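The values are calculated or read from the model by the stated rules, or taken from the named source; none is laboratory data. Note that the structure is a prediction, hence the values are computed from the model and not measured. Don't worry about glycine lacking a Cβ; one is built from the backbone with ideal geometry, like all the others, and counts go over all protein chains shown.
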Amino acid sequence: MVVAAGGTAGHVVPAIAVADELRASGAEVSFLGTRERAEAELVPAAGYEIDFIKVRGLDRRNPLRAARAGLEALAAVGAARKVLRQRGADVVMGGGGFVAGPAGLAAILGRVPLVLTEADSHMGLANRLLAKRARRVCLAFPIAGRAGGRYELTGRPVPAGVVGADRAAARERLGIPEGTRCLMVFGGSQGARSINFAAVEAFAERPGREFRVIHLSGTRDHEELAARLAAAPYKEGYSLSPYEPDFGAVLAASDLVLGRSGGSVFEVTAAGRPSILVPYPHATGDHQAANAEWMREQGAASVIADAELDAERLAREVGDLFADPDRLQAMAEAARRIAKPDAARRIADCVLEVGRG
């Protein structure tokens, strides 16, 4: 069995969660990815073998680069077919990212059953092209016109550490006393600049904060933010780091989450946390806005447009929520209601069923 996943950690981590479930069921699993992206480190660290192909994302703003990427993708199909033959693949699962396109096409050409996963509320280009030939398409969100038949609403896989995190133990490790409220701020592995700087200004450079802040900035802005925080007059109780290896523990310790609205919303819901979501405005197909709107409609989140985010708006929004414990509790209950913590198991079952067929 081969899992094709590449690009960001947001594609690779859920694919590893499915792979863990497959391996627990006795399946042999290997990965297909690229040397330059997150999978090159994450997959071996998780204990899986990985084969590499050369492929890049399609830059639609630059016709020349897009053409080069298209030619590279065609060559990658041949390389992927060779890997599938060498591995004796019974099933290919497209875990997302630009590797999944050539790998999925290689599976179809080689008559290897294909299962696709879609992490967002809109189908990506590769999945739209491959869906009609896939045996099963596992959706994280409901998508209009994509229901029944080969489509199954499974949710998005989350690491086991998110579902099983212990709040009391997490708070003790992070030094958060019982009864102290905590805001978690994050924006992905690279970070979200608008969120990063609005949070530091709102909660470290202005007076009046009565809660802890755990801010996972990502790598891009961290040094600049750290310098600003060091000079901030109200930095006590404000913790800043580029990342946290035990993401689930920080979620468990928090009372409110501020972040983007990519696939990580499923980790937030699995932890049962209310959230303030700021969709990335340049996401493909504006899928983050759709994700956030879905969360808002379910009662699990409030939403601030990126263009409307500033320190004053953020401080007011967080303050209003912390001042209304009944609303926070209702949002937390809504998050738990829509969570699908068993998504990895459900997708693994789909893959195994297709493999047996």
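Tabulated values for the structure
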| item | result |
| --- | --- |
| Boolean, Arg260 is surrounded by fewer than 20 Cβ atoms within 10 Å (Cβ to Cβ) and of a type in the set (Lys, Arg) | no |
| Residue satisfying condition, being among the hydrophobic types (A, V, I, L, M, F, W, C), surrounded by fewer than 22 Cβ atoms within 10 Å (Cβ to Cβ), assigned by TED's automatic domain parsing to the domain that holds Ala323 and on the phi < 0 side of the Ramachandran plot, within set Phe186, Phe203, Phe197 | Phe197 |
| Per-region count, the range 13-44, residues out of contact with any Phe, Trp or Tyr (no Cβ under 7 Å at 6 or more places or on another chain), of a type outside the set (A, V, I, L, M, F, W, C) and in contact (Cβ under 8 Å) with a residue 40 or more places away in the chain | 5 |
| Selected residue [surrounded by 14 or more Cβ atoms within 10 Å (Cβ to Cβ), assigned to a loop (DSSP other than H, G, I, E, B) and either of a type in the set (Asp, Glu) or at pLDDT below 90 (or both)] from Gly161, Gly57 | Gly57 |
| Selection from the range 211-266 of residues that are of a type in the set (Asp, Glu) and either out of contact with any Phe, Trp or Tyr (no Cβ under 9 Å at 6 or more places or on another chain) or modelled with pLDDT under 95 (or both) | Asp221, Glu223, Glu236, Glu244, Asp246 |
| Total residues in the range 128-158, condition part of a loop (DSSP other than H, G, I, E, B) and farther than 30 Å from Pro245 by Cβ | 11 |
| Count of the range 264-280 residues which are touching a Ser or Thr at 6+ places or on another chain (Cβ under 9 Å) and either of a type outside the set (S, T, N, Q) or assigned to a strand (DSSP E or B) (or both) | 11 |
| Failed item, numbered, when Glu152 is tested on (1) farther than 16 Å from Val2 by Cβ; (2) in contact with a His (Cβ under 6 Å, 6 or more places away or on another chain) | (2) |
| Test result for Leu328, within 18 Å of Cys182 (Cα to Cα) and without any contact (Cβ under 8 Å) to a residue 40 or more places away in the chain | no |
